[in-house]
Each structure stands twice: as C-alpha cells, then as structure tokens.
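Trainee: Okay, here's the structure, questions in a sec.
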Amino acid sequence: MSHGPKLGGLASAVIHWRARRIDDPVARLRFLRRTLGDQSWFTMEPDGRSRRWLRERRRVVLWSAAVLLLAPAGQMGGRLAKLTEREPVLTVAPKPMERPVPPVWLAEQQAGFESWSNGLRVERRYEIANEPRSFQAYPLGKEAPGAGQAGKEPAGIVFHTTESHQADFDEDHVRRLQLIGEALLRYVQENRSYHYLVDRFGRVWRVVRESDAANHAGYSVWADDHRTFVNLNRSFLGISLEAQTQQEDGRSAATPAQVNALRLLTEMLRSKYTIPAINCVTHAQVSVNPSNLRIGYHTDWAAGFPFAEVGLPDNYSRPLAALWLFGFSYDAPLVNSTGAAYWRGLLLAEDQLRQNATAHGMPVAQWRSGLQSRYRAILKDLQKTNGASGPPGAAD
Ligand SMILES: [Zn+2]
C-alpha cells in the first residue's frame, strides 16, 4: 500500500507554480525535492530503485492530478481532439552553453591516413562504402508522416562502446591487444557497424564513410531545439570506443588515449558539419524498443560518458526525447544500469511530458497514448520509405 503524503490540491498547485518559475532545471528539481522533504534521492534499494525515488514519482502523479483538477473544466473537452495541432512546451529542458568549435581543417591526406589541424589522425585502411546517407527529420512538435524534411549532412553523433572482448591493458599484452583490435575492425567493417572505431591505444579508424549510413543506432529517437530524428543510422554518425561496460558500477572503461582521441574526432566532425553540442549523445539516450515502447534497448554509455573531457556540455541533462515526444516508458533493468546523471534526463522528460499534457488539458495517460500512436505512424511511414533496407540494424 502506498503511504505517500496527502498533499492538498492548492498546496501542490502552489509548489508547482513556484517550481515553474525557477529557470535552472536542476535547481528546480532540488527545490521540488526540498519542498517535498526528499533529501535521499539517490539511496539505492537492493532492487536498484530508490524507494524515495518511487515515492517521488507518486507525488509527481499527485501534482499532475492537482493541476488538472484546477484547470477550468471547459478547457478539457475542447482540447481533447487537438493532439494533431500540438506544439511542445519547451520549458524544462536546460540550455547547454554552446561553446564555439574552432575550425579544424585537413592537413594531409594519403591512401592510408589523414592528418587534421587539431592533431587528429584518422586511419583509413579499413574504410568502406555503404548506402549513401539520406534521411527525413521532422519539425519539432509537428512529427507526422509526410511532415519530414530531407537531409543529407550528418546532423549529430551517437557514442557507443563495442562491448567486445578485452585483454588487460598493459605492456605484457601488447600483441594480444593488437590481435583483438584487428579482429574487431574486421567485424565492424563486415557489418558496417560504425563510422568510426577508436581502439584501446586511442587510434581513430574510419570504417564506414561519413557520406554513408552505418548500422549503429537501430531503432532510436532524438530531438534538438528544432528537429526530431527517428532511426538515427541515416542521420547521425556512429563513433564506438573499443570498451566494455564494467559489471561493478555500470560504467564503461575508456583509456585516457581513447578519451583524448574522442575529443579531437568530435571537434573535427562538429567543425566540418556544424553539429550542435545538443546532438552529441550516447546510444543509451536514444535507443528504443518499438515492440514494447520502452527506452534504453541498448544501454551503452548509460552512465559515465566523459562529456566534459570530450569538450561537450553534460547532455545527460537533456530530457530523453523518446519519452516526452513519443510517450515511451522505461523499466527496472534500465534504471539498474544507469547512473544518477541519466535519471535526470528521465525525470526532466517526464516533467516535460506532464507539462505538455497539462497545457493541452489532457490526462497524462491519454496524452501519452496519443504520442505513441504518432510514433507508430512515423515508424510505418519510414518503413515504407526505407523498405528495401529492412528494419534498422544496431551494433552495441
Ligand atoms: Zn551502441
């Protein structure tokens, strides 16, 4: 049985009203937690969930109900049918500081490698072609079959780990590390898995050409401030680190050389294609399962991606697009495998979804179900367009 607090409708509405006036989303969450007496947010229960966190979720449902009760009755009925005209209410998403990317230019190009002005060296011996890149992106808030706008230039980057076999990273295992790395490159090439692979020595290998699609992201969703992307194999570049998620803390171990190389590679690609920082995200943030409408089908970099070291703002703070734009949910295994940073994106996305439901005078469940129908319609539309290439594949 739930023994959650019984907040009066007026009290919760006042808390909600005050929270809406705090611009910084993290400060806002802190305010909500403080006001509601929740100081132990991150205390994990044996099943991986925080009891406080679950209580908080119940409270959140209470606020939503209170806000709906306070909404003028006439607003409800008139707006129920207007899902197709919706505009998103973008109030909870943090706006990361966009630091300008310095221009990076090609210093030397040979058959086997490239050198770039920021010190990046790209190995080309495994470079291969695939289907040429072309994709549809939807104007944010107007995601519908037929509303897509064509794109050809990479719009973003998805970061992966290979989850492949690892040898100890020390001098005694150099030959073994090399052999494993070469076998992995052949596998990635054969499967057109990623555009780039960064091996454990920090060497950057281009595998699938940037002008082509790669099978890295599978079923996936992301959005920036203007566009929504569905199935990112064709719109985003895939970069994978040869690394494995650690059993003990769910983090992915990257060597210092890999992190350094990733910073240079990200800088080069962002400079070349004017990729906004907001579109540089991890596979766990974008991966979805269309059959049960849950996020986090792939969980690589669900925790511990070194955004700051790679020269990016902390994009774990972005609300997860699949959740607030298409009504996806999540389950316990995902929460178990993610860190506190990822939860922030989850909570912000839930908050945003509730705000949008409230703004349109709809119960959250009904709003969510409308969003899910919209996703299914888009997926069908994309399958028609990309029918020849079948369902989108995803590496780890
Ligand atoms: Zn992945």
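Trainee: Kindly establish whether Pro313 is away from the ligand (no atom under 16 Å from the Cβ), within 14 Å of the chain's Cα centre (by Cα) and either in contact (Cβ under 8 Å) with a residue 24 or more places away in the chain or surrounded by 20 or more Cβ atoms within 10 Å (Cβ to Cβ) (or both). Even if it seems obvious, please write down each step before you answer.
Mentor: Working: away from the ligand (no atom under 16 Å from the Cβ): yes; within 14 Å of the chain's Cα centre (by Cα): yes; either in contact (Cβ under 8 Å) with a residue 24 or more places away in the chain or surrounded by 20 or more Cβ atoms within 10 Å (Cβ to Cβ) (or both): yes.
Against the criterion (away from the ligand (no atom under 16 Å from the Cβ), within 14 Å of the chain's Cα centre (by Cα) and either in contact (Cβ under 8 Å) with a residue 24 or more places away in the chain or surrounded by 20 or more Cβ atoms within 10 Å (Cβ to Cβ) (or both)), Pro313 qualifies.
Trainee: For the range 150-165, name all the residues that are away from the ligand (no atom under 16 Å from the Cβ) and of a type outside the set (Lys, Arg).
Mentor: Kept after step one, since they are away from the ligand (no atom under 16 Å from the Cβ), are these residues of the range 150-165: 150-155, 165.
The answer is Ala150, Gly151, Glu153, Pro154, Ala155, His165.
Trainee: Let me ask something additional. Mind telling me which of the residues Ala322, Ala341 ends up being under 17 Å from the mean Cα position of the chain (by Cα), assigned to a helix (DSSP H, G or I), assigned by TED's automatic domain parsing to the domain that holds Leu232 and under 20 Å from Arg234 (Cα atoms)?
Mentor: Working: Ala341 fails: under 20 Å from Arg234 (Cα atoms).
Unique residue meeting the criteria: Ala322.
Trainee: For residues in the range 359-384 being under 21 Å from Asn233 (Cβ atoms) and not charged (D, E, K, R), which is surrounded by the most Cβ atoms within 10 Å (Cβ to Cβ)?
Mentor: Ile378
Trainee: Could you say which residue among Ser369, Ser373 is free of Cβ contacts under 8 Å to residues at least 12 places away in the same chain and not hydrophobic (A, V, I, L, M, F, W, C)?
Mentor: Ser373
Trainee: Could you list, in sequence order, all residues of the range 97-126 that are at pLDDT below 95 and surrounded by 13 or more Cβ atoms within 10 Å (Cβ to Cβ)?
Mentor: Val101
Trainee: Considering only the range 161-178, I want to know if a residue exists there that is at pLDDT 95 or above and assigned to a strand (DSSP E or B).
Mentor: Taking every residue of the range 161-178 in turn, at least one turns out to be at pLDDT 95 or above and assigned to a strand (DSSP E or B).
Trainee: Return the pair list, or none, for Cβ contacts closer than 6 Å from residues in the range 268-284 that are more than 14 Å from Phe307 (Cα to Cα) to residues that are away from the ligand (no atom under 16 Å from the Cβ) and aromatic (Phe, Trp, Tyr), at least 6 apart or on different chains.
Mentor: As it stands, the answer is Met268/Trp116, since those pairs meet every condition given.
Trainee: Of the conditions (1) within 22 Å of Ile157 (Cα to Cα); (2) more than 16 Å from the ligand (Cβ to nearest atom), Ile295 satisfies every one except a single condition; which number is it?
Mentor: With (1) within 22 Å of Ile157 (Cα to Cα); (2) more than 16 Å from the ligand (Cβ to nearest atom) applied to Ile295, the lone miss is (2).
Trainee: Let me ask something additional. From the residues in the range 227-250 that are away from the ligand (no atom under 13 Å from the Cβ), of a type outside the set (Phe, Trp, Tyr) and at pLDDT 95 or above, which one is surrounded by the fewest Cβ atoms within 10 Å (Cβ to Cβ)?
Mentor: Going through the range 227-250, the residues away from the ligand (no atom under 13 Å from the Cβ) turn out to be 227-231, 234-235, 246-250.
When the remaining residues are screened for being of a type outside the set (Phe, Trp, Tyr), the result is 227-228, 230-231, 234-235, 246-250.
Those left that are additionally at pLDDT 95 or above: 227-228, 230-231, 234-235.
Working: Arg227: 20, Thr228: 23, Val230: 28, Asn231: 26, Arg234: 26, Ser235: 26.
Restricting to residues being away from the ligand (no atom under 13 Å from the Cβ), of a type outside the set (Phe, Trp, Tyr) and at pLDDT 95 or above, the top hit is Arg227.
Trainee: Any idea which of Ala183, Ala147 is away from the ligand (no atom under 16 Å from the Cβ), free of Cβ contacts under 8 Å to residues at least 12 places away in the same chain and under 24 Å from the mean Cα position of the chain (by Cα)? Outline the logic, then answer.
Mentor: Numbers: Ala183 fails: under 24 Å from the mean Cα position of the chain (by Cα).
Of the residues listed, the single one that is away from the ligand (no atom under 16 Å from the Cβ), free of Cβ contacts under 8 Å to residues at least 12 places away in the same chain and under 24 Å from the mean Cα position of the chain (by Cα) is Ala147.
Trainee: Looking only at the range 275-319, how many residues end up being assigned to a loop (DSSP other than H, G, I, E, B), at pLDDT 95 or above and β-branched (Val, Ile, Thr)?
Mentor: Qualifying residue count, the range 275-319: 2.
Trainee: Given the conditions (1) surrounded by fewer than 24 Cβ atoms within 10 Å (Cβ to Cβ); (2) within 11 Å of the ligand (Cβ to nearest atom); (3) among the polar types (S, T, N, Q), and given that Gln285 satisfies all but one, which numbered condition is not satisfied?
Mentor: (1)
The values are calculated or read from the model by the stated rules, or taken from the named source; none is laboratory data. All values reported here derive from a predicted model rather than from experimental measurement. Don't worry about glycine lacking a Cβ; one is built from the backbone with ideal geometry, like all the others, and counts go over all protein chains shown.
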